[in-house]
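Throughout, read-outs are computed from the coordinates displayed, never taken from laboratory work. All values derive from a computational prediction rather than experimental measurement. Positions of Cβ are backbone-derived with ideal geometry, glycine not excepted, and every protein chain shown enters the neighbour counts.
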């Protein structure tokens, strides 16, 4: 199967890549995300703001009024431009129009199901019903700064010096157990940080929270509460994840890289078994399944084994059965035979028998920003991380896709780990800053619920309680080779499509091909790696 551009092909010639790589149509959809907002929360984990609902004003929020499981909606989104106009070199509908339709479909797939409980604002916008948070710590970090104007805040920053220097000084004092000095530095730093300020101010608030939690040995409680509590409700957390999906290319990058590798490896297979080690909403597979359904040679039989720890049902608002319903709807609407097999266990506990691997199937394994949660030899002498890779290798997969944070926080001692996290998340917070205004409640919620808990865990936790154990691609490469894998080449077509995607966001995003992997970065800092193995 030849890889080619999204437009300029005959209708009978449509291949899998036509549906796999939707582009962002324009920067207009980001403008709606930048709308003004008021009444920002008063602390990194404040309960005060939770009484206020926010409106999803961006284009994807409007799409949520149509259920992604509605038959007519899917057919209109995917088929309408193809049915009404012949597709060819002289097609009246431009490639950009088709890409726009594909983007709309992708956005609809990311939106909450209609069965989720939502309310309608007077303007008709879908508004998740938010529940009060029970995590409220160090409120004084931001209460003062919220009441000050920007001029006063700048004076505070100048009087207290560089925030990064202050954070490093705090970490140094804590690492050397100089508690009195640490407490003084915390008070000084707390008046300079703000969750609605500049990127370093916002990051500083969460990193300071992590330092205080480390001192008080409460980091694991914060992490568990932010991750496991039913508050925010599943619909809220899904909304936060979708906002992150829209304003940054990190999740799209991982989806596109993994889908492209699996599509290429399985292009001639009639029986495909996809094992996803963190199925989440199952959204990643929707475009791939639609592409497989449209294959000129006919749709293959697909089995999806969705693995996700039991705790993640709170993020979905339901158990893995919700993913099964979504997959079943795709199967019916696009006439592709799909079986879904839920495995609600933690990844290190997965056994060969749970996966039900069958002869004659092309097996594709996906590790999406997940494998770093499995402890290695530094935590458990049995080395579950490498053991999991060896088990997967014994299954003889056609392809294994790996997407991971490009950071070194696994075995690093506290102080170097703190410095690494400061550098890594500084780049990530800067990238968020270019697409969403600083006082937006949505942005604050995204950073709090999608990033802050990881930051606190990296800084405040040790041993088995520290689950955010990122490794650089070079270390992952060594692990995979030791388990018997060889690298599977990533498609140059996927590379070119991702480069086009990044241009829709910011010129500061970078894409580097190195050692057989793709590295997505912000300015000088690589942030996410994607690779494939067999």
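From a point 7 Å beyond the Cα of residue 482 in the direction of its Cβ, which residues of segment 382-410 have a backbone N at a distance under 17 Å?
Of the residues in segment 382-410, 382-394, 408-410 have backbone N under 17 Å from the label point off residue 482.
Suppose R0 equals 30 Å; then what is the FRET efficiency for residue 325 and residue 381 from their Cβ-Cβ distance, rounded to the nearest 0.05?
E(calc), rounded to 0.05, equals 0.15.
Starting from the Cα of residue 462, step 7 Å along the direction of its Cβ; do the same at residue 217; then give the gap between the two resulting points in nm.
1.1
Between residue 499 and residue 396, what's the calculated FRET efficiency when r is the beta-carbon distance and R0 is 35 Å? Round to 0.05.
Calculated transfer efficiency: 0.60.
Just how far, in whole angstrom, is segment 456-510 from segment 424-448 if you go by their alpha carbon centroids?
So the two Cα centres are separated by 21 Å.
With contacts defined as alpha carbon pairs under 8 Å and 6 or more residues apart, what's the relative contact order of segment 464-534 in percent?
Normalised by residue count, the contact order of segment 464-534 is 29 percent.
Give me 308, 433 ranked fewest to most by other Cβ atoms within 10 Å of their Cβ, as a rough exposure proxy.
433, 308
Which order do 355, 203 fall in if you start with the one that has the fewest other Cβ atoms within 10 Å?
Listed from fewest to most nearby Cβ atoms, that is 355, 203.
Full-extension gain between residue 184 and residue 165, please, as 0.36 nm times their residue separation minus the C-alpha to C-alpha distance.
5.4 nm
Within segment 381-416, what residues put their amide N at less than 19 Å from the label point 7 Å along the Cα-to-Cβ vector of residue 358?
Residues 395-399 qualify, since their backbone N sits under 19 Å from the label point.
Normalised by the residues of segment 385-472, what does the relative contact order come to in percent, with Cα pairs under 8 Å and at least six apart?
This gives 45 percent for segment 385-472.
Please report the base-10 log of the normalised intensity I(q)/I(0) for segment 347-448, using a Debye sum with one equal scatterer per alpha carbon and no solvent, at each q in 0.17, 0.18, 0.20, 0.21 (1/Å).
-0.93, -0.97, -1.06, -1.10
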